[in-house]
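The values are calculated or read from the model by the stated rules, or taken from the named source; none is laboratory data. As the structure is a computational prediction, the values presented were derived from the model and not from experiment. Using ideal geometry, Cβ is built from the backbone for each residue, glycine included, and neighbour counts are taken over all protein chains shown. Surface accessibility is based on the protein's heavy atoms, side chains included, excluding ligands, DNA and RNA. Shrake-Rupley method; radii C 1.70, N 1.55, O 1.52, S 1.80 Å.
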Amino acid sequence: MSRIKEKFSELDAKNEKALISYIMAGFPNEKTTLSAVKGLVKGGADIIELGFPFSDPLADGPVIQNASTISLEKGTKIEKFFKLVRKIRKLTDTPLVLMTYTNILYKMGYSKFISEAKKAGIDGFILPDMSIEESKDYLNAAKGKTDTIFLISPNTSIERIKKIANASSGFLYLVAVYGTTGVKSGIKNYTIKAIKETRKQTKGKVPVGVGFGVSTPKDVKRYVSAGADAVIVGSAFLKIIENTPQNKIEQKIGSFTKSLKKETKY
Amino acid sequence: MKYPKSGRFGEFGGKYIPETLVPAVQELEENYLKFKNDKKFKKELDYYLKQYAGRPTPLYYAKNLSEKIGGAKIYLKREDLLHGGAHKINNTLGQALLAKKMNKKRIIAETGAGQHGVATAMACAALGMKAEVYMGYKDTIRQKLNVFRMNMLGSKVHPVKSGSKTLKDAINEAIRDWITNVENTYYLLGSAVGPHPYPVMVRDFQSVIGEEIKSQMKKLNNKTPDSVIACVGGGSNAIGTFYPLVDTNAEIIGVEAAGKGLKSGFHSATLSAGTKGVLHGMMTYLLQDKEGQITETHSISAGLDYPGVGPEHSYLKDQKRVKYHSATDTEVIDAFLLLTRTEGIIPALESAHAIAEAVKVARKHKKSESIVVTLSGRGDKDVEEVQNYLNKNVKD
């Protein structure tokens with residue numbers, strides 16, 4: 001059983017939903033990333049998404065774009081990133097998901113990249129520009145190694161939800177709003193409807209995580225009560241990292257994580 | 001490839017897009033397939049192409065230039081004479097009309113130097129619509145006048161300050177807007193790039209260039225041209241020129257921007273120096289580093305300054321049907337001045353890349369042979385750039 005799957009059944013037994021947190025690796029430096037991870041773990045994050053920067057992050061809003069640019073300027077490279085993952089693995093058993101763009105994997109070769117990532121301690125992948133139609137080679141490469149987390153959107157047809165849920169392992173990522181990451185637009189009725197429809201289609205075969213624009217304990221509570229199996233918070237963590245001195249990061253991230261995690265218990 | 005149902009030209013192309021855009025791209029494909037053979041749509045587009053944009057464009061025998069070089073006869077396909085001064089209007093009229101049929105109230109576009117943005121603003125004004133155009137912040141400064149033109153035409157320009165602040169970032173930002181406003185927005189993409197069906201749709205709208213070349217050459221010489229040459233950035237004027245001629249015996253050459261030289265690292269020659277990858281929804285050749293990060297490009301002509309290329313060009317390169325060469329900034333300036341002086345035609349710096357290649361090819365061919373060069377745009381926009389270049393290089 002994958003680490004992610006184990007985590008979900010463990011939470012299920014405790015009547016809890018998952019809090020998934022996202023941070024950008026190497027933003028603004030490796031030391032900060034490690035401090036932030038410690039804070040996330042202490043605060044009770046169930047799964048940690050690590051962003052690997054891409055020069056052209058077309059699904060991301062200003063906060064993650066900026067973090068990508070800085071991380072790249074500071075010299076984040078694939079080999080260095082895998083070393084960082086190994087360091088994180090020594091600190092925690094929390095499932096780690098790598099979020100980046102298709103070209104980063106394609107350039108090295110899907111198989112090679114996924115094997116190396118797996119060896120370093122990565123449990124799954126999120127590629128926002130990998131559509132199900134183009135995913136054959138990627139899925140073959142990941143089979144039996146890591147989870148493949150696909151995204152769906154409030155405008156995804158029922159037919160496609162079924163198809164995408166079938167290809168997804170670990171969890172299925174429901175994009176809450178029409179927009180890029182980190183854009184706050186309040187909780188929409190169409191999102192609540194989409195959570196219910198998605199759960200109806202997936203029939204519990206794969207957990208449904210809701211992300212994009214989720215930033216407060218109140219958001220977490222609302223999505224959990226609508227039926228989400230997991231809630232994903234990203235840009236809000238990066239904003240804290242942006243505005244906090246290095247020596248306070250662990251504590252600040254920790255207390256914010258705790259405030260979010262509280263709302264996943266019912 | 002006539003209409004690649006899979007969205008692939010061999011291994012190139014496809015739809016690497018965020019899920020939110022999938023319904024929009026499907027809707028676009030359905031409507032494009034419905035209207036492309038619709039008699040009324042075709043008639044309407046034809047009317048605008050003729051009466052508004054000025055088609056057909058002449059195929060001009062450049063006698064002075066040909067004689068000066070002393071080789072094959074050089075013909076110029078005068079897309080520079082179109083309304084707006086470039087081939088871009090062929091595509092913007094087609095897509096704006098399609099958007100109108102699809103009842104889309106909001107049009108967005110990206111632009112590099114501003115030619116596609118201006119052509120979009122014109123087509124939208126003519127059809128009673130308004131556009132919002134994303135343009136790299138650097139380009140809004142380099143091409144101030146085009147920003148003003150778009151504003152006068154009733155379109156809004158959004159300067160893009162992310163990434164390298166040029167064309168690729170303008171495309172990223174337009175895609176982000178599309179994701180956010182997917183329900184009422186039409187993305188009017190300016191080159192034969194992006195996710196399927198854009199590369200094939202833009203090619204079809206631009207193929208009027210190659211179709212006219214074919215029939216005009218037949219009338220003039222009763223044969224197809226021996227060589228056909230066009231410049232390649234994203235590659236829309238080139239694919240429009242080449243596609244109707246790939247089934248003939250013509251030698252076909254695309255010319256990329258070699259900038260300061262292919263070994264200098266300052267160029268935009270994607271097919272000559274790139275590797276395969278995924279960007280802006282398509283698999284194609286890209287300029288990227290070993291880790292898959294897209295690298296910055298350089299060209300004296302802003303219109304060729306793009307790290308990717310249309311997927312059908314990648315396919316034609318690998319099939320060895322089309323040769324892709326390149327011209328340096330210096331060669332381009334020489335060609336620009338040569339055409340200006342011999343024929344009294346000021347070409348766009350983009351098109352001057354094709355002229356530079358034509359000079360090389362003409363020398364190697366007999367007088368009885370014919371070369372057609374697509375002159376994709378006029379050079380008024382580039383006069384200041386050329387003046388700066390010459391001043392700098394005289395001082396140096």
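Contact annotation: residue pairs with Cβ atoms under 6 Å, 6 or more positions apart or on different chains, pairing a residue in region B:37-65 that is within 28 Å of B:ILE345 (Cβ to Cβ) and among the β-branched types (Val, Ile, Thr) with a partner that is surrounded by 12 or more Cβ atoms within 10 Å (Cβ to Cβ) and modelled with pLDDT of 95 or more, are B:THR57/B:ARG78; B:THR57/B:GLU79; B:THR57/B:LEU81. Here A:THR69 clears all of (1) within 11 Å of chain B (Cβ to nearest Cβ); (2) more than 24 Å from A:GLU242 (Cβ to Cβ) except the condition numbered (2).
Against the numbered list (1) open to solvent by less than 10 Å² (accessible area, probe 1.4 Å); (2) touching a residue at least 40 places away in the same chain (Cβ under 8 Å), A:ILE70 comes up short only at (1).
For A:LYS42, the criteria (1) basic (Lys, Arg); (2) within 9 Å of chain B (Cβ to nearest Cβ); (3) surrounded by fewer than 20 Cβ atoms within 10 Å (Cβ to Cβ) hold in every case but one, which is (2). Filtered by the rule that a residue be over 21 Å from B:TRP178 (Cα atoms) and in contact with a Lys or Arg (Cβ under 9 Å, 6 or more places away or on another chain), region B:141-152 gives B:GLN143, B:LEU145, B:ASN146. B:GLY308 satisfies every condition listed in (1) in contact with a helix residue (DSSP H, G or I) (Cβ under 9 Å, 6 or more places away or on another chain); (2) surrounded by fewer than 24 Cβ atoms within 10 Å (Cβ to Cβ); (3) within 12 Å of chain A (Cβ to nearest Cβ) except (2). On inspection, B:ALA238 fails the criterion of being within 20 Å of the chain's Cα centre (by Cα) and surrounded by fewer than 18 Cβ atoms within 10 Å (Cβ to Cβ).
Rundown of residues vs (1) in contact with a Leu (Cβ under 8 Å, 6 or more places away or on another chain); (2) among the aliphatic types (A, V, I, L, M); (3) within 27 Å of A:PRO207 (Cβ to Cβ); (4) at pLDDT 95 or above, yes/no style:
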| site | (1), (2), (3), (4) |
| --- | --- |
| A:LYS5 | no, no, yes, yes |
| A:GLU10 | no, no, yes, yes |
| A:SER35 | no, no, no, yes |
| A:THR69 | no, no, no, yes |
| A:LYS74 | no, no, no, yes |
| A:ILE78 | no, yes, no, yes |
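Scanning region B:16-53 for residues that are touching a His at 6+ places or on another chain (Cβ under 8 Å) and open to solvent by less than 40 Å² (accessible area, probe 1.4 Å), we see that the one that is farthest from the other protein chains (Cβ to nearest Cβ) is B:ALA53. Do we find a residue being part of a helix (DSSP H, G or I), within 30 Å of A:GLU159 (Cβ to Cβ) and not acidic (Asp, Glu) anywhere in region B:72-82? No - not one qualifying residue is present in region B:72-82.
Going by what's in this entry, would A:LYS119 be described as within 12 Å of chain B (Cβ to nearest Cβ), under 26 Å from B:GLY277 (Cβ atoms), open to solvent by 50 Å² or more (accessible area, probe 1.4 Å) and free of Cβ contacts under 8 Å to residues at least 40 places away in the same chain?
Working: within 12 Å of chain B (Cβ to nearest Cβ): no; under 26 Å from B:GLY277 (Cβ atoms): yes; open to solvent by 50 Å² or more (accessible area, probe 1.4 Å): yes; free of Cβ contacts under 8 Å to residues at least 40 places away in the same chain: yes.
For A:LYS119, the condition - within 12 Å of chain B (Cβ to nearest Cβ), under 26 Å from B:GLY277 (Cβ atoms), open to solvent by 50 Å² or more (accessible area, probe 1.4 Å) and free of Cβ contacts under 8 Å to residues at least 40 places away in the same chain - is not met.
Do we have any residue at all in region A:171-182 that's buried (at least 23 other Cβ atoms within 10 Å of the Cβ), aromatic (Phe, Trp, Tyr) and away from every other protein chain (no Cβ under 14 Å)? Yes, that holds for at least one residue. Per the conditions (1) touching a Lys or Arg at 6+ places or on another chain (Cβ under 7 Å); (2) within 14 Å of chain A (Cβ to nearest Cβ); (3) under 26 Å from A:PRO154 (Cβ atoms); (4) without any contact (Cβ under 8 Å) to a residue 60 or more places away in the chain, the sole criterion not satisfied by B:ASN184 is (4).
When the residues of region B:131-143 are filtered to those that are under 11 Å from B:VAL157 (Cα atoms) and not in a strand (DSSP E or B), the one that is least open to solvent (accessible area, probe 1.4 Å) is B:THR140.
What is the one condition in (1) in contact with a Lys or Arg (Cβ under 9 Å, 6 or more places away or on another chain); (2) open to solvent by less than 20 Å² (accessible area, probe 1.4 Å); (3) away from every other protein chain (no Cβ under 12 Å) that A:ILE152 does not satisfy? Of everything listed in (1) in contact with a Lys or Arg (Cβ under 9 Å, 6 or more places away or on another chain); (2) open to solvent by less than 20 Å² (accessible area, probe 1.4 Å); (3) away from every other protein chain (no Cβ under 12 Å), A:ILE152 misses just condition (3).
Scanning region B:146-158 turns up one or more residues that are more than 14 Å from chain A (Cβ to nearest Cβ), touching a strand residue (DSSP E or B) at 6+ places or on another chain (Cβ under 9 Å), small (Gly, Ala, Ser) and outside any helix (DSSP H, G or I). For region A:210-223, the criterion of being buried (at least 16 other Cβ atoms within 10 Å of the Cβ), without any contact (Cβ under 8 Å) to a residue 12 or more places away in the chain and assigned to a loop (DSSP other than H, G, I, E, B) is met by no residue. Among the residues of region B:252-271, those identified as in contact (Cβ under 8 Å) with a residue 40 or more places away in the chain and open to solvent by 50 Å² or more (accessible area, probe 1.4 Å) are B:LYS260, B:LEU262. The condition (being open to solvent by 10 Å² or more (accessible area, probe 1.4 Å) and out of contact with any Ser or Thr (no Cβ under 9 Å at 6 or more places or on another chain)) is satisfied by just one residue among B:GLY70, B:GLY84: B:GLY70.
Taking the conditions exactly as written (hydrophobic (A, V, I, L, M, F, W, C) and free of Cβ contacts under 8 Å to residues at least 40 places away in the same chain), does B:LEU286 satisfy them or not? For B:LEU286, the condition - hydrophobic (A, V, I, L, M, F, W, C) and free of Cβ contacts under 8 Å to residues at least 40 places away in the same chain - is met.
Scoring B:GLU173 on the criteria (1) modelled with pLDDT of 95 or more; (2) touching a helix residue (DSSP H, G or I) at 6+ places or on another chain (Cβ under 9 Å) leaves a single failure, condition (2).
I'm checking my understanding of the structure. Among residues of region A:73-106 that are closer than 23 Å to B:LYS15 by Cβ and either open to solvent by 60 Å² or more (accessible area, probe 1.4 Å) or of a type in the set (Val, Ile, Thr) (or both), which one is farthest from the other protein chains (Cβ to nearest Cβ)? The residue in question is A:THR100.
Okay, residues lined up against (1) part of a helix (DSSP H, G or I); (2) within 14 Å of chain A (Cβ to nearest Cβ):
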residue: B:GLY117; (1), (2): yes, no
residue: B:THR120; (1), (2): yes, no
residue: B:MET129; (1), (2): no, no
residue: B:ALA174; (1), (2): yes, yes
residue: B:TRP178; (1), (2): yes, yes
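In region B:320-336, is there at least one residue being of a type in the set (Lys, Arg), within 13 Å of chain A (Cβ to nearest Cβ) and within 22 Å of B:GLY265 (Cα to Cα)? No - not one qualifying residue is present in region B:320-336.
The condition (being within 29 Å of B:MET201 (Cα to Cα) and among the charged types (D, E, K, R)) is satisfied by just one residue among B:LYS367, B:LYS290, B:LYS323, B:LYS392: B:LYS323.
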